[in-house]
Amino acid sequence: MKAILVKEPGGPEQLVLGEYAKPLPNSDELLVRVHATALNRADTLQRQGKYPPPKDASPLLGLEVAGIVEEAGSNCTRFKKGDNVFGLLPGGGYAEYAVIHESMALPMPAHLTMEEAAAIPEVFLTAYQALVWLARLQAGERVLLHAGASGVGTAGIQLARALQAEVLVTASEQKLEACLALGAHKAIDYKAGAFEDKVLAFTDGEGVDVIIDFIAGPYFDSNIECLRLDGRLVLLATLGGGKVEAFDLRKLLAKRLHVMGSTLRSRTRGYQAKLTEEMWTFARPHFESGRIKPVVDTVFDWQEVAAAHRYMEQNKNIGKIVLRVS
Ligand SMILES: NC(=O)c1ccc[n+]([C@@H]2O[C@H](COP(=O)([O-])OP(=O)(O)OC[C@H]3O[C@@H](n4cnc5c(N)ncnc54)[C@H](OP(=O)(O)O)[C@@H]3O)[C@@H](O)[C@H]2O)c1
């Protein structure tokens, strides 16, 4: 089959369309003819050799797909040949065919295109896990989402609104309007002064209950300033750096704070399948009513995968970058 291969660990120019062995589904898996996959930052790290795939996962890039079931393993009961499905993968999405454990596959809503469905799994599962399972966000609470216009951020804004929270985001200036249009109550240009001052001004000095952060090191002190009593900080990436030089831990005690970190890819399939089921049970009615939508910035043909990676690494996207697999 055709697949995107990494010639040598390195830049986007290392990505080439080539030949790779078609995967064989086991009895609990579906073989899917991939129509669309979507980019994640993890792909850019894996391409550089900095994020090896989990044991037993396909070495090919690609953490999510939408496509049509070509073959269903003998134990599969929910899907059959010809069904449109989408879902999260441990790897292998940048290919003509991918295998997905049946418990990880979701039925594609009729109103979505393949490109839209491929834009859902990774970011909505990550945002749901962070907001609901880790931070236990409650209706009426306030949440601050950093990188509000990122894939995870745009999913997080919509899920947090559906959970009836008040939503603040940070993003670069040209992305603020998009965050407000998705439902954020306040969008802060983090390059125009200290975001914590604006968070505290907007919340009458109270701060927020939950922060979902991808920047980490340089934001840590400011995040702690923004959290109110019993606040929860969830760290999902270290885009700004992984170190905090000097931090007074007594602040955590005084405000009774929880600081958590997580990666979705390292979770067991059982955990991911339960998360998939719960997120979709919650979000499906909202997708069907149009209250929540996949946010697709750009669809690239998969022959243009190098350009798509460059586009992500230049921080140009609002929402997801999708590859059409032809
Ligand atoms: N832990 C997990 O389970 C998990 C799961 C999925 C994703 N992630 C991570 O979450 C992050 C977001 O993923 P994504 O796919 O949604 O990303 P994305 O769509 O590529 O968006 C990332 C955005 O973050 C902002 N940004 C980048 N570097 C920054 C910096 N140093 N300081 C401030 N803002 C910065 C940029 O937006 P602006 O223009 O607004 O600056 C950029 O467009 C990635 O780091 C990804 O690896 C973690």
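Laid out as a table, the results:
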| item | result |
| --- | --- |
| D_trans [Stokes-Einstein, Kirkwood Rh over alpha-carbon pairs] for the stretch 107-207, 25 °C, 0.890 mPa s, µm² s⁻¹ | 174 |
| Total lysine pairs whose alpha carbons fall under 24 Å of each other in the stretch 206-326 (8 or more apart, or interchain) | 6 |
| Spacing of the two label points (7 Å from each Cα toward its C-beta) at K251 and Q14, in nm | 3.7 |
| Mean projection area, nm², convex hull over Cα of the stretch 1-57 | 4.7 |
| Rh (Kirkwood; distinct C-alpha pairs) - the stretch 158-220, Å | 12.3 |
| Highest to lowest packing among 55-62, 15-22, 318-325, 40-47, scored as the average C-beta count within 10 Å | 318-325, 40-47, 55-62, 15-22 |
| Whole-percent pair-distance distribution, where bins are 10 Å wide, for the alpha carbons of the stretch 6-162 | 11, 35, 33, 18, 3, 0 |
| Cα centroid separation - the stretch 166-235 against the stretch 40-62, whole Å | 30 |
| Orientation-averaged projected area, Cα convex hull of the stretch 80-143 (nm²) | 6.1 |
| Inverse mean reciprocal Cα-Cα distance (Kirkwood Rh) of the stretch 205-260, Å | 11.2 |
| Residue among P23, S58, A42 farthest towards the positive dipole end of the stretch 12-59, charges placed on Cβ | A42 |
| Pairwise Cα inverse-distance average, inverted: Kirkwood Rh of the stretch 176-307 (Å) | 17.8 |
| Counted charge near V208, where neighbours are those whose Cβ lies closer than 13 Å (Asp, Glu -1; Lys, Arg +1) | -3 |
| Pairwise centroid distance, computed over Cα atoms, of the stretch 3-21 with the stretch 69-143, Å | 25 |
| Counted charge near A162, where neighbours are those whose Cβ lies closer than 15 Å (Asp, Glu -1; Lys, Arg +1) | 0 |
| Order of E29, E13 under a 10 Å beta carbon neighbour criterion, fewest first | E13, E29 |
| Fewest-first ranking of W280, W302, using other Cβ atoms within 10 Å as the exposure measure | W280, W302 |
| Percent of Cα-Cα distances greater than 25 Å, calculated over the chain | 49 |
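Every number here is computed from the coordinates shown, using simple stated rules; none is lab data. Not measured: the values here are computed from a predicted model. For neighbour counting, all protein chains shown are included, and Cβ atoms are generated from backbone atoms with ideal geometry for every residue, glycine included.
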